Amino acid sequence: MKTKKNLIKICLLAGLGLILTGRTPAQTFTTLHSFSATFSPNFTNSDGASPLGSLVFAGNTLYGTAPYGGTNGNGTIFAVNTNGTGFTNLHSFTAISGTHYTNSDGSHPQAGLILSGNTLYGTAQDGGTIGFGTVFKLNLDGTGFTNLHSFTAISGTLNTNSEGVSPRGLVLSGNTLYGTAVAGGTRDQPAG
């Protein structure tokens, strides 16, 4: 038993020695894509603006979201190869309208995407049929965009509802998506 512990310590020290002596490969910072400027008054462009959230990786391609820009100024879902080539705007969120800023697909995605098979899943903070955000899916090739859920309206002085509003990110466990929302939901009335 003592020999096994010593062997582990030696291996760890040998690994640390490589790091301390500078034998690790040098890292090079590379810009893969510079997003184009947006144009007023709707902050539109061809590729998106102000990307947020983490990227998801499939094959040699990275996938992400930008909450602004795109053809309607409401954000995009994009792909770019790991070598910086092949930037593609997979989806521009549609225009919003009305006093509650509604649309069919959502707007302003604020979190990264998750990947299951050939399908990307994500959230949009605003838009949807009520204007309080959506959960969506999209194929890796940009086809098959589907609004899976539009969040319900909030009401009352505490702005409550049964499920929350303005979703921010997802995780997948089995066949179930889990996520968080930054507002809405149920809460107790304040003491009077």
Is it true that Gly122 is in a loop (DSSP other than H, G, I, E, B), open to solvent by less than 20 Å² (accessible area, probe 1.4 Å), closer than 20 Å to Gly53 by Cα and at pLDDT 95 or above? no
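Report whether or not Thr157 is surrounded by fewer than 17 Cβ atoms within 10 Å (Cβ to Cβ), within 23 Å of the chain's Cα centre (by Cα), modelled with pLDDT under 95 and not small (Gly, Ala, Ser).
no
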Would you call Gly117 within 30 Å of Asn60 (Cβ to Cβ) and buried (at least 18 other Cβ atoms within 10 Å of the Cβ)? no
Of residues in region 128-154 being polar (S, T, N, Q) and not in a loop (DSSP other than H, G, I, E, B), the one least open to solvent (accessible area, probe 1.4 Å): Thr134
Looking only at residues in region 160-180 that are of a type in the set (S, T, N, Q) and over 14 Å from the mean Cα position of the chain (by Cα), which one is surrounded by the most Cβ atoms within 10 Å (Cβ to Cβ)? Asn161
Assuming Tyr101 fulfils every condition listed in (1) aromatic (Phe, Trp, Tyr); (2) modelled with pLDDT under 95; (3) over 22 Å from Val182 (Cβ atoms) apart from one, which condition is it? (3)
Please find, within region 86-114, the residue that is least open to solvent (accessible area, probe 1.4 Å) out of those that are within 22 Å of Ser166 (Cβ to Cβ) and assigned to a strand (DSSP E or B). Ser107
Quick check on my filter: what residues within region 54-85 are touching a residue at least 24 places away in the same chain (Cβ under 8 Å), open to solvent by 50 Å² or more (accessible area, probe 1.4 Å) and of a type in the set (Val, Ile, Thr)? Thr71, Thr82
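The values are calculated or read from the model by the stated rules, or taken from the named source; none is laboratory data. Remember, it's a predicted structure, so these values are computed and weren't measured experimentally. Don't worry about glycine lacking a Cβ; one is built from the backbone with ideal geometry, like all the others, and counts go over all protein chains shown. Side chains are part of the model used for accessible areas, which takes the heavy atoms of the whole protein and leaves out ligands, DNA and RNA. Shrake-Rupley method; radii C 1.70, N 1.55, O 1.52, S 1.80 Å.
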